[in-house]
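A.B. asks: Starting off with a structure, shown below.
What follows is calculated from the coordinates using simple rules that are stated; it is not laboratory data. None of these values were measured; they are calculated from a predicted model. No Cβ is skipped: glycine too gets one built from the backbone with ideal geometry, and neighbour counts run over all protein chains shown.
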Amino acid sequence: MLSIKNMSVVIADKKVIDGLDLEVKAGEVHAIMGLNGCGKSTLLKAIAGSYETSVKGKLEFLNQDMLELDSSARAVLGVFMSFQNPVEIPGVNTTYFLKSAINELRLARGQEPVISPEFMKDLKENIEFLGINKDILKRAINVGFSGGEKKKSEILQMMMLKPKLMMLDEIDSGLDIDALKSVANGINKIRDKDSAVILVTHYNRLLEYVKPDKVHILQDGKIIKSGDFSLAKDLEDKGYEDVLK
Amino acid sequence: MYSNKQVSYYIYFEDFKVIKLNLPKSVSYESSGCLVFQENIDLNIYIRYTPTNASMDKLEIVLKKDVDVNIYMEYTGARFSYIINLSKFDLYKNAKLNISQVYKLDSSAVYSSSSYVNLQEKASLKMFKLFFSGLQVQSSSKVALAYDSDINIKALLLSKLSQKYIFSCEVLHNEDKSRSRVYSKQVLKDDSTCVFDARTTVQKDTKHCEAYQASHALVLDEGAHIFAKPHLEIYTDELKASHGSTVGELDVDAIAYLNSRGISEKNAKGILVNAFINELLDLDYEEAKKSLLRLLGQTDEE
Amino acid sequence: MSSQIEKLLDTEYKLGFVTDIESDQAPLGLNEEIIRFISEKKKDPQWMLDWRLKAYKMWLKMDEPSWAHLTHQKIDYQNISYYSAPKQNIKSLDEVDPKILATYEKLGIPLEEQKLLVGIAVDAVFDSVSVKTTFHEKLKELGIIFCSISDAIKDYPDLVKKYLASVVPMGDNYFACLNAAVFTDGTFAYIPKGVRCPMELSTYFRINALNTGQFERTLIIAEEDSYVSYNEGCSAPMRDESQLHAAVVELITLKNAEIKYSTIQNWYPGDINAKGGIYNFVTKRGKCLGDNSKISWTQVETGSAITWKYPSCLLIGDNSHGEFYSVAITSLAQQADTGSKMTHIGKNTSSTIISKGISALKGSNTYRGLVKIRPSALNSRNFTQCDSLLIGNQCSAHTYPYIDVQNTTAKLEHEATTSKLSDEELFYARSRGLSEEQAISLIVNGFCKEVLNKLPMEFAVEARALLSLTLEGSVG
């Protein structure tokens, strides 16, 4: 469903991704690992169409050329990225924001706007599922949220929007084990044979709950080694240097 | 603005003459332009001005002791006219006035209004001003505060094309424990100009006054011009005073975040402008807020 | 508490003493003849005399500005002597009048020792003529020109002609125009391309002769990729008549250049009844002409009866940056109307204004600032913070910011607070064992810290000492 060939990405005048290839099929879970600054976040931003990135090469999603689409058009197609540091937007109510986003998706797909009671029911279920305090719905997006609340709020948005490609940028950082479990449960709940997940992480603990089909090691803007879950375990046991020998 | 159900009391002016009037007995209106409130009025009073010719007139609103009134004022029409309006608000001890003034003028109108506000002991005035139509609108208020009185002025200036809006407000803290809040937001489009001109003076030998001023501008187009003068004059040390002022464009990261959730660029900007305005529209009466939002073409969900 | 402060404030002006030297003085009044007299004394070339006369004619048609939040006796411009100079011609340090040297010593700047101890080149201006300059040799090696403006007019006429009045035009304002007509001396500095001036350049000004106005003119040019830090310090002896001071300072930075300009102003403030004291009307402006250039103004204003001063920056080059850091203390019956003007013209220009005003006794302190963003100044930024501290209920503090934006990509923030020196704070500090004086000094120092930290090291020591002196005599 996602096909990347010889992609290079420039961010803040620096070439961060250089000649990267990646194929992700529906139903798969991919984990991307690597040292800080190797380009993991940039890769996700490029796929999501961040204004910060300038991309060259081939980037296709569901057989569509993504480079011609802006980030909202990509989101409508089903691309979702959770932000490592979610943006705080004062004054914009979280519930209202979610409803607007869902209606944009439905509009693009030729569907009627969502009906409020159904939307609220769905929202409440997901909130309970993730163990989020109801108050955040009344608050402005991410404003005054704790680190954990922000991450859960990203997953909540993902569960509501039901994307086809879920890209999660260090969703596990700063979470305690209970929060990590509920985040993992959220991911597992909505993924199916038609959707794919890309996880960017430093640790294996998330991968214990969301089992990756493929693990990639990113270095100097390229994928230099791919393997299955055992690669991630090797990394944890031996460290990058030994694995890359 | 209000449906008939909500507004049973009104006074309509055309060319500053009363053309329609329905006021409770306790309210007297003199032809010299003086409206005197003797008792509390539970319902909103609706005042509408529709000048058609270049003209000048005045209105005086007096609230007697302990009287509590809500007023909604609308300035409409004034096609190709230059209008000067003088108004005076006199609040006796403990009186409470909640007033919204909306400039819903013809796009060719030039309007200049000067208000003199006098608050006696423990009186309180809440004022909301909305500028969004008329070629050039200037509103100046001069406020004098007595012991423990309180004024809260909020102004929302939404300018476009070559409109020029000037909001100026001068507050004088004459006695102890008086409080003032002057808060304005401006959203500028096209080649429009907005001026925020506030001066708050805390007089000598007063104690425990509180003065606050803030102005925030959102500039959406190249040609727009914002001029802010948040001035404070302090002649005593027993007080709390501060002001803040910002000018900026929409936050690109916030737009990008909304985009990444599938919201188009145009809608994302709309949402953010709405959020910017909404904070100020946090009015006491829900109805006024809803009508205002409808007026502005904004959705009023949540 | 207030009686204690008043007692502290009553302390006599520490730097108030008069040096008795024969002056070569112009008669009172201003007319064409006087300007010719000054010009002759200064041995001006013809073009300079013509320039002065042109300014004088312009000045006659101008009016004294009245918009500032200041009240003072009308200045009688015909009751001022526009020229005064020590009679002696000094060729070496040994020839300097011992009385002058003693004066400097009282100010804590022993000229002879400076060379050895501080490593600062000092161009000391006593009244209107440069008495002594040091370190010329060292600076010359680097190609740095650091001399009096009158020498520069004679020795580097091309540079002076090119840049004089290029930042502050002759008719910019009433006082600048007066200065253009009658300026007697001042400092000239030229930093050539690629040179980082290795030492702080300094000048100490001192008003001395009776009824003499001081009309200094300073011009500093930093060529591409150069850097200079310039310190200006002032102090005046006690005097009953009000004295007029109308200086002009012009700074120019070319591509990648940086000028740091620091001032300590401690002219005689007059007494509690507004008797005496210096009227200080100064025009200071810098022009960031080149891309990535930077101008930084830092000022500590503790003296003068009247201060009228707005060190400003014209940010013309792309990515250029302007800064203004100010501490202004008004005590007794002092009045200050000071602030900054940042005009953004180039792309990505940024500016910072931090102003701290302290008012005590009958002092009146006004911040007046303009931040202007022209349509061409894409992505420009400004941050302004102006805080006022009031001590006692007879003083006043005013903030008059003007924000003028003609551009969508600009981002501006302005913050201001007004607070009093609270009894709680004092009590807290005193309960930890500090004396009232120490407590006040501590709080005031904390209030100004952001600005004091911006001063060059050598200067910061003096600033703190002066602050303590003023504050020992006023708030700490």
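A.B. asks: What is the distance in Å between the Cα centroid of segment A:168-245 and that of segment B:187-241?
C.D. replies: When both Cα centres are located, 52 Å separates them.
A.B. asks: What does the charge count around A:Leu67 come to, taking other residues whose C-beta lies under 11 Å from its C-beta (Lys +1, Arg +1, Asp -1, Glu -1)?
C.D. replies: Working: positive: A:Lys56, A:Lys58, A:Arg74; negative: A:Glu60, A:Asp65, A:Glu68, A:Asp70.
My count for the surroundings of A:Leu67 gives -1.
A.B. asks: For segment B:155-221, what is the relative contact order in percent, using Cα pairs closer than 8 Å and at least 6 residues apart in sequence?
C.D. replies: Details: 151 pairs, mean separation 28.2, N = 67.
The normalised contact order for segment B:155-221 reaches 42 percent.
A.B. asks: So how long is each side of segment A:1-125 along the principal axes, counting just the alpha-carbon atoms, biggest first, in Å?
C.D. replies: Projected onto the principal axes, the Cα atoms of segment A:1-125 cover 48, 33, 26 Å.
A.B. asks: Relative contact order of chain B, please, whole-number percent, based on alpha carbon pairs below 8 angstrom and at least 6 residues apart. Don't jump to the answer; show the numbers that get you there.
C.D. replies: Working: 840 pairs, mean separation 29.4, N = 302.
Contact order relative to length: 10 percent.
A.B. asks: Distance between Cα centroids, segment A:58-130 to segment B:34-95: provide it in whole Å.
C.D. replies: Segment A:58-130 and segment B:34-95 have Cα centres spaced 47 Å from each other.
A.B. asks: List the pair-distance distribution P(r) of chain A, using every Cα-Cα distance, as the percent of pairs falling in each 5 Å bin from 0 up to the bin containing the longest distance, rounded to whole percents.
C.D. replies: 1, 6, 13, 18, 20, 17, 13, 7, 3, 1, 0, 0
A.B. asks: For segment C:219-339, what is the charge dipole size about the Cα centre, in debye to the nearest 20, if Lys and Arg each add +1 at the Cβ and Asp and Glu each add -1 at the Cβ?
C.D. replies: Values: 9 positive and 14 negative charges, 45 e Å.
So the magnitude is around 220 debye.
A.B. asks: With point charges of +1 on the Cβ of Lys and Arg and -1 on the Cβ of Asp and Glu, referenced to the Cα centre of chain B, which listed residue (B:Asn278, B:Ser245, B:Ile61) lies farthest in the positive direction of the dipole?
C.D. replies: B:Ile61
A.B. asks: With every atom except the alpha carbons ignored, what do you get for Rg and Dmax of chain B, in angstroms?
C.D. replies: When restricted to the Cα atoms of chain B, Rg and Dmax are 19.5, 61 Å.
A.B. asks: Then there is this: List the residues, sorted by chain then number, that are 5 or more residues from C:Gln299 or on another chain and whose placed amide H is less than 5 Å from its amide H.
C.D. replies: Under 5 Å from the amide H of C:Gln299: C:Thr263, C:Tyr325, C:Ser326, C:Val327.
A.B. asks: Compute, for chain A, the length of the dipole vector about the Cα centre, with Cβ point charges of +1 (Lys, Arg) and -1 (Asp, Glu) only. Units Debye, rounded to 20. Write out the running numbers ahead of the final one.
C.D. replies: Working: 34 positive and 36 negative charges, 61 e Å.
Value, rounded to 20: 300 debye.
A.B. asks: Now for a different question. Take the alpha carbon gyration tensor of segment B:75-140, find the square roots of its eigenvalues, order them as a ≥ b ≥ c, and report rounded if a/c is under 1.5; if not, report prolate when a/b exceeds b/c, else oblate.
C.D. replies: Details: a/c = 3.82, a/b = 2.46, b/c = 1.56.
Note, shape of segment B:75-140 comes out prolate.
A.B. asks: Let me ask something additional. Counting pairs of alpha carbon atoms under 8 Å apart in space and at least six apart in sequence, what relative contact order in percent does segment C:365-415 give? Don't skip to the end; give the middle numbers.
C.D. replies: On the way: 78 pairs, mean separation 29.3, N = 51.
Contact order relative to length: 57 percent.
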